[in-house]
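The values are calculated or read from the model by the stated rules, or taken from the named source; none is laboratory data. Just so we're clear, the structure is a prediction, and the values are computed from it rather than from any experiment. Cβ atoms come from the backbone with ideal geometry, glycine included; neighbour counts cover every protein chain shown.
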Amino acid sequence: MKHIILFIILGVWSPSRALSAVINVGANYQYKLLNQAFLVVKPGDSIVCHDLIIQGGLSVSNLSGTSEKWIYIMTSSGKTITIQGGSNSIQFSDCAYLHIEGFTIQGQTGNGLNIDDAGTFDSPTHHIRIKGCTFQNISATGNNDLLKLSGLDYFEILSCIFKNGAAGGSGIDMVGCHYGVIADNHFENMGSNSIQAKGGTSGIQILRNRFENGGARALNLGGSTGLAFFRPQNATSEAENIEVIANVIKGSEAAVAFVGCREVNVSNNTILFPKKWVIRVLQETVDVTRFLPCGNNSFYNNIVVLNNDVNIEANIGPNTAPATFTFTKNLWYKTTVSGWQGPDLPGTISGQIINDPKFSMGSDVILSSNSPAIGAGQPYDLPTKDIFGNVFSNPPSIGAFEAKPNISAVSDHEIKVKIFPNPFQDVLRFEWVDKGEKNISIIGANGRIVRNGISNEQNSMWDCTDLPSGLYLISVKQNSKHLIKKLIKHE
């Protein structure tokens, strides 16, 4: 299966932290309001916010760093800073090379955060990174989104939380966006969708996210867009060239909706207990003289676990091309039907497994050592990571978790550390051989990070008294090195 070029591109435009000045914003500083800082910030500067509450309803146009000197908009270290209310928290228009990190955005009556090209389709907003933000509790019930993106190219949305979205809206809504990565985020209690990609959106990677009750369509890959809003204007599909890899999708009316999209690959995801359908194949923008039918999409290496809520695995709508879909090496299991013969699917079907995936006790993603999913998937052309950041083996395991990571695919991978005791009770100790900063995360059996931090010490310990007993993974990253191992906590 082919993979879009983003695996290579993103390393080129990652910003260097070449700071010229720090602009502090807050009641006790020269610049009291964020809008005041926007007027004076220059490429390479950091805006650091200190007040715990920032009133929303802000807007800024043509705020741009450069490829060598990004502008950083951040929260003061250790503080939870909320942008509260307003029709939008902030509307960024025709901006470039911005890094936004650490804010909680809530209570908006329109969209939570709005980033657009101001309707100037020939000059998109570009090179935007949003990291470690929380979007929640929107004060709207219609077609309002926690994060609205229109005409945005080259972007990343990383390690954010999206929860309690509008009943008619999305967590992330993209209209005519291109070349973006949405990775390592958590979506919970969405309305219509967790992620929607429409209006000519293309070149998107959706990687290693977790969706719980992600809306009517957790992933709405395509949609219905007014013709005037397509970017580019001559697009022949709502969305194309999208990769959906190593996500966990739990609940939702439908896990994945292919809606007027083409060349979309959905692979190595773990899909658990959708409420009505596993997938939908729809065409909502219909004009046979311009738009191609939804088709040429693939679904492979996925684990799908169902119960009696699902009677029809694939909902097929009119004006689509379901015969052009391919379903390859997926594992299907219906917990409520003994001897179930498998799903009713369109298109070309091969290598299907009908069996219990055998998750580890207490987990909905980690595979037991005797799982039939291990090593049963279709290989990738390029190194591809599972939900914990480990490289899939060749052939890979099926589902979001790689049981036997391909550590040889990552150069200089070995981290020398003693982590003990294992099993542990209240305290976990670390003895490091290598000096330098290490990023450490403890991950619960449900895939959520329950503890994370940074260590520069040669010997350190973490108090884990509050963690319940059970199975955990510990992830350690240092530069290009990455270590992951299992831990058990006893009472």
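Listing for the model above:
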item	result
The range 448-491, residues that are in contact with a His (Cβ under 9 Å, 6 or more places away or on another chain), in contact (Cβ under 8 Å) with a residue 24 or more places away in the chain and not in a strand (DSSP E or B)	ARG448, SER480
Identity of the residue in the range 78-115, of a type in the set (Ser, Thr, Tyr) and either without any contact (Cβ under 8 Å) to a residue 60 or more places away in the chain or not assigned by TED's automatic domain parsing to the domain that holds ASP45 (or both), that ends up nearest to PHE155 (Cα to Cα)	SER93
Matching residues in the range 119-129 - criterion: being out of contact with any Gly (no Cβ under 7 Å at 6 or more places or on another chain) and either modelled with pLDDT of 95 or more or not assigned by TED's automatic domain parsing to the domain that holds GLY56 (or both)	HIS126, HIS127, ILE128, ARG129
Top-ranked residue of the range 473-491 - restricted to ones that are closer than 16 Å to SER360 by Cβ and hydrophobic (A, V, I, L, M, F, W, C), ranked as modelled with the highest pLDDT	ILE474
Single condition GLU263 does not satisfy, out of (1) part of a strand (DSSP E or B); (2) surrounded by 24 or more Cβ atoms within 10 Å (Cβ to Cβ)	(2)
Residue check, VAL281 in contact with a helix residue (DSSP H, G or I) (Cβ under 7 Å, 6 or more places away or on another chain), touching a residue at least 60 places away in the same chain (Cβ under 8 Å), buried (at least 22 other Cβ atoms within 10 Å of the Cβ) and in the same structural domain as ILE182 (by TED's automatic domain parsing)	yes
Matching option when the condition is among the polar types (S, T, N, Q), more than 25 Å from HIS127 (Cβ to Cβ) and part of a strand (DSSP E or B), among THR82, THR104	THR82
Qualifying residue in the range 184-204 (condition: among the hydroxyl-bearing types (Ser, Thr, Tyr), within 24 Å of ASN137 (Cβ to Cβ) and touching a residue at least 12 places away in the same chain (Cβ under 8 Å))	yes
Pair list, Cβ under 8 Å, 6 or more apart: the range 425-442 residue not assigned by TED's automatic domain parsing to the domain that holds LEU473, other residue loosely packed, with under 12 Cβ neighbours inside 10 Å	none
Candidates GLY142, GLY107, filtered to the one that is surrounded by fewer than 19 Cβ atoms within 10 Å (Cβ to Cβ) and within 20 Å of ILE54 (Cα to Cα)	GLY107
Scope the range 321-364; condition closer than 17 Å to ASN247 by Cα, at pLDDT below 95 and of a type in the set (A, V, I, L, M, F, W, C); matching residues	none
Hey, MET174 aliphatic (A, V, I, L, M), modelled with pLDDT of 95 or more, farther than 19 Å from ILE128 by Cα and in contact with a strand residue (DSSP E or B) (Cβ under 6 Å, 6 or more places away or on another chain) or not	no
Single residue of the range 150-171 satisfying the filter (in a strand (DSSP E or B), touching a Gly at 6+ places or on another chain (Cβ under 8 Å) and aliphatic (A, V, I, L, M)) that is surrounded by the fewest Cβ atoms within 10 Å (Cβ to Cβ)	LEU158
Residue in the range 375-396 that is modelled with the lowest pLDDT, counting only those that are of a type outside the set (S, T, N, Q) and over 24 Å from VAL476 (Cα atoms)	ASP381
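For (1) on the phi < 0 side of the Ramachandran plot; (2) surrounded by 12 or more Cβ atoms within 10 Å (Cβ to Cβ); (3) at pLDDT below 85, each residue gets a yes or a no:
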{"position": "ILE419", "(1), (2), (3)": "yes, yes, no"}
{"position": "ASN422", "(1), (2), (3)": "yes, yes, yes"}
{"position": "PHE430", "(1), (2), (3)": "yes, yes, no"}
{"position": "VAL433", "(1), (2), (3)": "yes, no, yes"}
{"position": "GLY436", "(1), (2), (3)": "no, no, yes"}
{"position": "SER441", "(1), (2), (3)": "yes, yes, no"}
{"position": "GLY444", "(1), (2), (3)": "yes, yes, yes"}
{"position": "ILE454", "(1), (2), (3)": "yes, no, yes"}
{"position": "GLN458", "(1), (2), (3)": "yes, no, yes"}
